[in-house]
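The values are calculated or read from the model by the stated rules, or taken from the named source; none is laboratory data. Since we're looking at a predicted model, the values are computed, not measured. Positions of Cβ are generated from backbone atoms using ideal geometry, with glycine treated the same way; all protein chains shown enter the neighbour counts.
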Amino acid sequence: MLKRMNLLQQRKKRDDMALYTILAVLLGTGALIGLTTVSGLSLADREAKETARPANMVVTTIASPSCTDCFPLDSVLASLASQPVNLEEHRTVSFPSDEATGLISTYNIQRLPAIILTGETDKENVRSFLSSIADVRNGAMVWTPPQPVYMDAATGEEIGRVSITVIRDASCSECTDPSNTIAQLERMGVRQESLTMLDWKTSEAQQLIGTYALTAVPALILSSEAGLYPPVVQAWTGFGTTTEDGTFVASMRIPPYTELPGGRIRGNVHLTAITDAACSSCYDVGAHRKILEQNFGVRIADETTADINSASGKQLASQYGITAVPMILLTGDTKAYPNLVTAWKQIGSIEEDGTLVFRDVGVMGTYYDLRKGTVINPSSDSAPAGS
């Protein structure tokens, strides 16, 4: 009996030891899992904080004080300040000091002014921005002017001012004003070296007309420095040509203009409106002029109105087979507007004498049908004449 009790006690002790071992393993595993989880969260937090932390940088600006209209640095520095950047130091050195010359050599800088960025320039939260405005050079990010005016770092010469020559017809007051195009060039950042205005009949203008085979004036001639301005190069593709020596040339065939060599003024159009005074609900024929001027750039040199019941109105109705009013006729130099001529084929007719006759009056609104003797409202039923 005693022996049996000893065996039972020994077995219980072994079972208890096994249970303790299992509990210890489970508790240890749980602690390890918990520790790993806490450690993982801490690592993620640290990585997030590091990613969000502003990049520490030192900015060195190489200024060119003598170049008063060189590409401005303010906008570039303002863009940099808007990024997650901690500027530990901002230094400015002036060209042509020894320090500036040394930096130019170290970072192979050709254009001034320049901005040199050192420090955490490859940090993830600024990498994309910096790569969009600067180049990697000798371990730093270096910004230089993308277009003139800038200073040649090797010679100190100021580069990029454009000489502009305008040839025009001084006697044509209605011709296209080239000053609008010059203003557009200025908005593209173009800086002028000089602006020369010539009448096309002068000997100097005639020489340029022959040299560049100009076919119309106003004409615009830009010196080769215009090629240093990417926006100008892009815009000029559909506007003018570039010669072998890099000169930018454009005959501005935007009506009205003077055609060369004869000197004929192109683009003056005459508008004749035919109305019915008795039709108070008919559409406003004046809407045609707005469409012609705003959508097609047509210059209406003069405008006349004829009532359909007048002698001139009846004569025009008979001559051009007019069946509805109000409507318009266009005469004069309509061929100077090829887009208008193309569009007109869908809304009217082009007669043998060149007159453009508007016929699709329903697209304009309420009109008077001469054949039916009724006022037609395309959006509702017809009404009796005189309403």
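Of the numbered criteria (1) farther than 30 Å from residue 374 by Cβ; (2) in the same structural domain as residue 375 (by TED's automatic domain parsing); (3) part of a strand (DSSP E or B); (4) not polar (S, T, N, Q), the one residue 274 fails is (1).
Answer yes or no: is there a residue in the stretch 37-52 that is polar (S, T, N, Q) and at pLDDT 90 or above. First the steps, then the outcome.
Kept after step one, since they are polar (S, T, N, Q), are these residues of the stretch 37-52: 37, 39, 42, 51.
From what is left, the residues that are at pLDDT 90 or above are none.
Scanning the stretch 37-52, I find no residue that is polar (S, T, N, Q) and at pLDDT 90 or above, so the answer is no.
Would you tally the residues in the stretch 85-132 being closer than 28 Å to residue 49 by Cβ and part of a helix (DSSP H, G or I)?
Filtering the stretch 85-132 down to residues closer than 28 Å to residue 49 by Cβ leaves 85-90, 117-132.
When the remaining residues are screened for being part of a helix (DSSP H, G or I), the result is 124-132.
Residues meeting the conditions: 9.
Of the residues making up the stretch 188-202, none is over 21 Å from residue 175 (Cβ atoms), part of a helix (DSSP H, G or I) and in contact with a helix residue (DSSP H, G or I) (Cβ under 9 Å, 6 or more places away or on another chain).
Screening residue 144 with (1) closer than 27 Å to residue 114 by Cα; (2) not assigned by TED's automatic domain parsing to the domain that holds residue 70 gives one miss only, at (2).
For the stretch 292-387, which strands (runs of 3 or more DSSP E) that fit wholly inside it have 3 or more residues that are touching a residue at least 60 places away in the same chain (Cβ under 8 Å)? Reasoning before the result, please.
Details: elements: 299-307, 327-332, 348-350, 356-358, 367-369, 374-376.
Fully inside the stretch 292-387 and qualifying: 327-332.
Would you please name the residue that is farthest from residue 368 (Cα to Cα), looking only at residues in the stretch 277-295 that are hydrophobic (A, V, I, L, M, F, W, C) and surrounded by fewer than 17 Cβ atoms within 10 Å (Cβ to Cβ)? Let's see the steps before the verdict.
Within the stretch 277-295, the subset hydrophobic (A, V, I, L, M, F, W, C) is 277-279, 282, 285, 287, 291-292.
Those left that are additionally surrounded by fewer than 17 Cβ atoms within 10 Å (Cβ to Cβ): 277-278, 287, 291.
Values: 277: 11, 278: 9, 287: 17, 291: 21 Å.
Top of the filtered list is 291.
Set side by side, the residues 219, 205 differ, and just one is surrounded by 17 or more Cβ atoms within 10 Å (Cβ to Cβ) and under 15 Å from residue 236 (Cβ atoms), which is 219.
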